[in-house]
1. Would you mind finding the one in ILE495, ILE452, ILE441 that is aliphatic (A, V, I, L, M), in a helix (DSSP H, G or I) and under 28 Å from GLY318 (Cβ atoms)?
2. Between residues in region 53-72 that are under 19 Å from PHE190 (Cα atoms) and residues that are part of a helix (DSSP H, G or I), which pairs lie under 6 Å by C-beta distance while being six or more apart or on different chains?
3. Residues to consider are ALA139, ALA173, ALA169, ALA178; find the one that is of a type in the set (Gly, Ala, Ser), modelled with pLDDT of 95 or more, closer than 21 Å to HIS231 by Cβ and crowded, with 24+ Cβ neighbours inside 10 Å.
4. Which condition does ASP13 not pass, out of (1) surrounded by fewer than 21 Cβ atoms within 10 Å (Cβ to Cβ); (2) under 24 Å from GLY515 (Cα atoms); (3) among the acidic types (Asp, Glu), if it passes all the others?
5. If you check every pair at least six apart or on different chains, which have Cβ atoms under 9 Å apart with a residue in region 352-376 that is of a type in the set (Gly, Ala, Ser) first and a residue that is part of a helix (DSSP H, G or I) and surrounded by 13 or more Cβ atoms within 10 Å (Cβ to Cβ) second?
6. Note down all Cβ pairs under 6 Å where the first residue falls in region 218-238 and is under 15 Å from THR180 (Cβ atoms), the second is surrounded by 15 or more Cβ atoms within 10 Å (Cβ to Cβ) and of a type in the set (D, E, K, R), and they're at least six residues apart or on different chains.
7. Is there any pair linking a residue in region 25-37 that is farther than 14 Å from ALA5 by Cβ and at pLDDT 95 or above to one that is surrounded by 17 or more Cβ atoms within 10 Å (Cβ to Cβ) and of a type in the set (D, E, K, R), with Cβ under 6 Å and at least six apart or on different chains, and which?
8. Does ALA207 satisfy being of a type in the set (Gly, Ala, Ser) and in contact (Cβ under 8 Å) with a residue 40 or more places away in the chain?
Amino acid sequence: MSTRAATFTLGLDFGTDSVRAVLVGTADGAEHASAVAYYPRWAEGQFCDPAKNRFRQHPLDHQECMVHAVRAALSESGLEPAQVRGLCVDTTGSSPLPLQADGTPLALTPAFAENPNAMVVLWKDHTAIAEAEALNQHARTWGGPDYTRFVGGIYSSEWFWAKVWHVAASDPAVREAAWTWMEHCDWLTFLLTGGKDPGAFRHSRCAAGHKAMWHASWGGLPPANFLAGLHPYLGELRGRLYEDTYTSDQPAGTLCQKWAEQLGLEPGIAVATGTFDAHAGAVGAAIAPQTLVRVMGTSTCDILVSEDPKWDQKAVRGICGQVDGSVLPGLTGLEAGQSAFGDLLAWYRDLLLWPLKHLEGAPERLRETWEEQLLPELSRAAAALPSEAPYPLALDWINGRRTPDANQQLKSAITGLSLGSGAPEVFRALVEAICLGSRKIVERFEQEGVPIREVLGIGGVARKSPYIMQTLADVLGRRVRVAASDQTPALGAAIYAAVAAGLYPDVASAAQKMGSPAEATYEPRPERKAHYDARMAAYERLGHFVETQTQYP
């Protein structure tokens with residue numbers, strides 16, 4: 001088939017730092033063209049305060065960068081707009097934002113253009129720790145169902161209701177102006193389809209189930225009387241939200257004329273229901289039952305799907321939710337993850353590079369070179385260390401703990417430092433920490449009766465760091481494969497779009513044709529088993545000490 005006769009779909013992957021637009025061939029999943037645009041306000045640190053765990057993004061970053069990335073990808077591709085038959089948006093989550101009654105974000109109005117509380121409350125924002133703790137207490141004591149049951153039994157400060165409550169309680173002006181709130185993936189889809197009524201919009205099953213306690217067994221979202229017991233505004237908001245949710249194989253609508261003109265696409269093409277990046281990434285990697293897909297970036301999301309109907313009613317303790325159809329329609333999607341994975345290593349890199357970045361006279365090119373080369377060089381040095389030599393032990397909780405058993409108040413720790421602890425030794429301890437944290441997640445799933453046959457890594461960390469992936473295989477004691485695509489969330493979004501556009505009958509058959517193959521396999525080294533069993537026991541002892549004996553304001 002000639003390129004001119006081929007059809008394509010567009011995956012729009014909104015990550016923490018940038019948006020990536022990928023044009024994918026619907027016949028074979030070939031990534032025909034792509035472009036990335038970095039959020040300029042976010043890059044400058046606007047509206048954020050890391051010391052207070054506040055991370056906000058302006059929706060203009062997303063609108064402007066989406067236009068730039070899509071147009072650049074189309075220009076690179078040489079395709080005719082009519083060849084693009086559908087699109088799907090995936091985003092980070094939970095990343096909600098407040099809207100007016102017509103769906104306009106408050107941040108796009110003059111009164112709130114500079115107010116951080118009117119922005120997208122990014123997934124990594126932990127300002128709602130107190131609200132999440134109060135929600136958990138209320139859920140266990142209010143006298144009705146425990147609505148945290150299917151999100152692991154612990155509601156996180158990273159999620160929808162805690163964040164909305166925190167903003168409503170701390171900023172009366174935003175509370176009075178915010179008619180409703182939407183997850184980022186829903187709002188972008190609403191925008192592209194020309195939505196005017198947020199209440200009539202097709203909301204994401206993935207976002208609602210994993211982050212907002214939506215579950216079919218209690219008829220949707222938690223009821224108004226439960227939410228009003230937290231804050232009156234939440235009870236009022238419940239009546240302005242939604243009942244039904246939709247999986248991402250279903251169209252949310254079609255591309256409106258305004259945004260078709262801005263993006264350079266044909267109006268009327270299918271726009272799939274929005275989703276989260278990790279779940280789309282699992283689809284892009286052609287996930288199958290009993291395969292744990294680890295989406296490895298700044299944090300991790302660990303995704304499983306199960307054919308067993310018992311997970312519709314039986315809850316898995318301490319994970320990030322189990323939702324029918326959140327990954328593959330007809331199967332239960334289960335999510336876990338770590339609040340920091342690549343972020344822990346990036347923190348260490350930036351710590352070491354601080355003098356170079358802040359001392360006067362350091363050439364810009366030298367700073368860029370060192371930033372690019374530091375982690376690869378540390379990886380080589382850490383891999384060369386004697387396997388049994390004494391070196392430090394660390395925890396991976398630098399941004400709190402997502403799973404198992406969410407606790408965003410926890411802090412990281414490192415022990416075993418000596419005058420012989422150099423940069424490679426500390427780096428090795430940090431790499432082991434993120435891998436040991438991964439093992440805790442695998443063990444929790446299996447303790448709860450969710451079998452895991454193999455592990456599949458996707459994302460930049462998985463493809464760029466053989467040292468980390470081999471360590472992960474050794475720590476887990478099982479084979480780890482790595483997907484060939486560097487853009488699996490966008491690829492998964494394009495797969496959803498192909499189904500929503502009617503080009504495939506279901507996601508499984510689309511993923512079989514369009515999903516990414518594996519490009520590398522890491523086998524566990526049997527001789528490392530005893531060593532990592534001992535390190536795991538030490539990690540658990542250190543974690544217990546930090547969790548029970550230390551406290552930070």
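The values are calculated or read from the model by the stated rules, or taken from the named source; none is laboratory data. Because the structure is predicted, anything quoted here is derived from the model rather than measured. Cβ coordinates were reconstructed from backbone atoms using ideal geometry, including for glycine residues, and neighbour counts include every protein chain displayed.
1. Exactly one of ILE495, ILE452, ILE441 is aliphatic (A, V, I, L, M), in a helix (DSSP H, G or I) and under 28 Å from GLY318 (Cβ atoms), namely ILE441.
2. Sorted first by the residue in region 53-72, then by its partner, the pairs are GLN57/TRP42; HIS58/ARG41; HIS58/ALA107; PRO59/ALA107; ASP61/ARG41; ASP61/TRP42; VAL67/GLN262; VAL70/LEU263.
3. None of the others qualify; the one that does is ALA178.
4. (1)
5. Listed by first residue and then by second, the contacts come to ALA362/LEU356.
6. Going by the 6 Å Cβ cut-off, the qualifying pairs are ALA224/ARG238; LEU227/ARG238; TYR233/ARG175.
7. VAL36/ARG20
8. For ALA207, the condition - of a type in the set (Gly, Ala, Ser) and in contact (Cβ under 8 Å) with a residue 40 or more places away in the chain - is met.
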